Each structure stands twice: as structure tokens, then as C-alpha cells.
Amino acid sequence: MTDLSGAVWRKSSLSGSGNNCVEVADNLPGLVAVRDSKDPHGPVLTFSPDQWRAFTAGIRNGEFDALA
């Protein structure tokens, strides 16, 4: 189990106040953690920094647009 006690969670500045957001913690060495803001004590997905960069680059490049 990964220790996330030092995680600093943030969400997009474009997120509304509805608590329907994805939160990211990228301050931990060697991993990026992602969770649902509606359930802060729920499951957390973890990625290596390289995996996270590839995923966010895919979003910016429209690679997932057909799935929406």
C-alpha cells in the first residue's frame, strides 16, 4: 500500500464548486495520485510520472475525444 499521508491534493482552477472533480497529488516522489473529490477517502489511482505525462499529453492531443 502506498503512503499518501503527505499528498497535497489539487484540482483544476476551472473546476466549479460542485465537488464533482478529479483531484491530483503530484508532490510525492515517483508517483502521481488521482482521486474523486466527492469521495476523498475512497479509492486512489496511482501512476508513475511518465505514465501521467503520457496520459495528460493524450488529453491535450485529443486522443480520447472519440470516447466522450
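Numbers for the structure displayed
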quantity: Qualifying residues in the stretch 58-68 (those that are part of a helix (DSSP H, G or I) and among the hydrophobic types (A, V, I, L, M, F, W, C)) - the one nearest to Ala33 (Cα to Cα); calculated: Ile59
quantity: Scope the stretch 1-34; condition outside any loop (DSSP other than H, G, I, E, B) and surrounded by 17 or more Cβ atoms within 10 Å (Cβ to Cβ); matching residues; calculated: Glu23, Val24, Ala25, Val32, Ala33, Val34
quantity: Qualifying residue in the stretch 39-57 (condition: touching a residue at least 12 places away in the same chain (Cβ under 8 Å), assigned to a loop (DSSP other than H, G, I, E, B) and among the charged types (D, E, K, R)); calculated: no
quantity: Residues satisfying the stated conditions in the stretch 1-41, i.e. over 22 Å from Arg53 (Cα atoms) and among the charged types (D, E, K, R); calculated: Lys38, Asp39
quantity: Selection within the stretch 42-68 - of a type outside the set (A, V, I, L, M, F, W, C), out of contact with any Ser or Thr (no Cβ under 8 Å at 6 or more places or on another chain) and farther than 16 Å from Lys11 by Cβ; calculated: Pro43, Ser48, Pro49, Asp50, Gln51, Arg53, Gly58, Arg60, Asn61, Gly62, Glu63, Asp65
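Every number in this text was worked out from the coordinates using simple rules, so none of it is lab data. Just so it is clear, the structure is predicted and the values come from calculations on it, not from any experiment. A quick note on method: Cβ atoms are made from the backbone with ideal geometry, for glycine too, and the neighbour counts reach across all protein chains shown.
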